[in-house]
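To keep things clear, I will list the structure first and then write my remarks on it.
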Amino acid sequence: MKPHVQPTSEEVTFLPNEIIVSKTDLKGRITYANSIFSRICGYSRAELMNAPHSIIRHPDMPRCVFKLLWDQLGEEREIFAYVKNMSRNGAFYWVFAHVTPSFDNDGKVVGYHSSRRVADRRVLGEVIEPLYRDLRKIETSQATAKDGLAASFTQLMNIVKSKAASYDELIFSL
């Protein structure tokens, strides 16, 4: 169960040459966390083991971004995304995440691997933060969480279609 953490306005940063790495099983439970991940999120590596990766989910993150992530992973495709995470003490940190399926020797997906780098401040301020605020407003303006997710996902896909041939193309054009 995810502990209740109150978000703060404090930001945690890490160096451009540092890479946050984690691996999960098929259900998103953490099976590996590097020391940088542990340091930035404030949980020990032991506490992270078998915890749901959502332990670091920041409430400012639109659910539709995670739907897109899981949809692409479900198609055995990698995804790049800007993600706002929350540390154990409620501080936030932005990452540019690259998430890929992990395959066994028979080509079967057995989990997921995520590498996160420092997010581009210009892209965050000019594009991602305003977009994510708008998507969260859509999500919270609907009668149910399910309707909110559907409405925000439709909006995200409409934005992608208006600006690029695909989500990946849009992200790399920023």
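Can you put 174, 73 in order of Cβ neighbours within 10 angstrom, beginning with the fewest? If I rank by nearby Cβ atoms, fewest first, I get 174, 73. Over the residues of the chain, the helix contribution to mean residue ellipticity at 222 nm works out to -10500 deg cm²/dmol, using -39500 (n - 2.57) for each DSSP H run of at least 4. Look at the alpha carbon pairs under 8 Å that are at least 6 residues apart: their mean separation over the length of segment 28-174 gives a relative contact order of 19 percent.
Pairs over the 22 Å Cα-Cα cut-off, from the set 27/163; 23/67; 67/161; 67/146; 27/108: 27/163. Whole-Hz Karplus values for segment 32-48 come out as 8, 9, 7, 5, 5, 4, 4, 5, 6, 7, x, 9, 5, 4, 5, 5, 6 Hz, taken residue by residue from phi with 6.51 cos²θ - 1.76 cosθ + 1.60 and θ = phi - 60°; glycine and proline positions read x. Scanning residues 5 or more positions from residue 32 or on other chains, those with amide H under 5 Å from its amide H are 23, with H placed 1.01 Å from N in the peptide plane.
Ordered by the count of other Cβ atoms within 10 Å of each Cβ, fewest first, 75, 18 give 75, 18. Quick one: net charge of residue 147's neighbours, Cβ under 12 Å, K/R +1, D/E -1? Cβ neighbours under 12 Å give a net charge of +1.
Within 10 Å of each candidate Cβ there may be at most 14 other Cβ atoms; applying that plus a DSSP loop requirement, which chymotrypsin sites (Phe, Trp or Tyr not before Pro) in segment 112-156 survive? Please list the in-between numbers first.
Numbers: sites: 112, 132, 153; in loops: none.
Here no chymotrypsin sites (Phe, Trp or Tyr not before Pro) fit, given the DSSP loop and packing criteria.
Bear in mind that the values in this text are calculations on the coordinates, not laboratory data. Quick caveat: nothing in here was measured; it's all calculated off a predicted structure. Cβ: placed from backbone, ideal geometry, glycine included. Neighbour counts: every protein chain shown.
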